[in-house]
Amino acid sequence: QVQLVDSGGGLVQAGGSLRLSCAASGRTFSRYYMGWFRQAPGKERESVARISRGGTVTYYADSVKGRFTIARDNTKNTVYLQKNSLKPEDTAVYYCAASSLLSGEAKDYPYWGQGTQVTVSS
């Protein structure tokens, strides 16, 4: 089992940048695939990015490709989401999640952070 704590959200102007962090407890972090999801008001939770256990394989939603970068540091039990060129439509609550699968489906992730709000103003 792993516990996750998201941080790094905030209010930023369009075109700006933010880096989200997700700190994991326990000594098994490197055994999990990690994902970032987001949920905007009135919308379903969607996959933003995911990363393999060793950090060498990554996938991104088309809407964030070239702007967001997911990375992990297994020595620090932390996964990051660097977000550049932010747009108002990126406004959402962002969640990190852990899974035994490298999946883009929220249902495949049993462990979730509490979420961090990102608001992008135009």
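Please treat every number below as a calculation from the coordinates, not as lab data. A quick note: this is a predicted structure, and the numbers were derived from the prediction, not measured. Here Cβ is always computed from backbone atoms with ideal geometry, including for glycine, and neighbour counts include all displayed protein chains.
For Asn74, neighbours were defined as the other residues whose beta-carbon sits under 15 Å from its Cβ, and their charges (Lys and Arg +1, Asp and Glu -1) total +4.
Normalising the average separation of contacting C-alpha pairs (under 8 angstrom, six or more residues apart) by the number of residues puts the relative contact order of region 1-96 at 34 percent. The calculated FRET efficiency for Ser100 paired with Lys43, based on their beta-carbon distance and R0 = 25 Å, is about 0.40.
Dividing the C-alpha radius of gyration of the chain by 2.2 N^0.38 Å, with N its residue count, gives 0.97.
Provide the FRET efficiency to the nearest 0.05 for the Ser25-Ser121 pair, computing r from the beta carbons and using R0 = 22 Å. Display every interim value, and only then the final one.
Values: r = 34 Å, r/R0 = 1.53.
Rounded to the nearest 0.05, the efficiency is 0.05.
Counting other Cβ atoms within 10 Å, keep those with at most 13, restrict to DSSP loop, and tell me which trypsin sites (Lys or Arg not before Pro) in region 43-118 are left. Could you put the intermediate results ahead of the total?
Details: sites: Lys43, Arg45, Arg50, Arg53, Lys65, Arg67, Arg72, Lys76, Lys83, Lys107; in loops: Lys43, Arg45, Arg53, Lys65, Arg67, Lys76.
Those satisfying the criteria are Lys43, Lys65, Lys76.
Taking a sphere under 11 Å around the Cβ of Tyr59 and counting the other residues whose Cβ falls inside, with K and R at +1 and D and E at -1, yields a net charge of +1.
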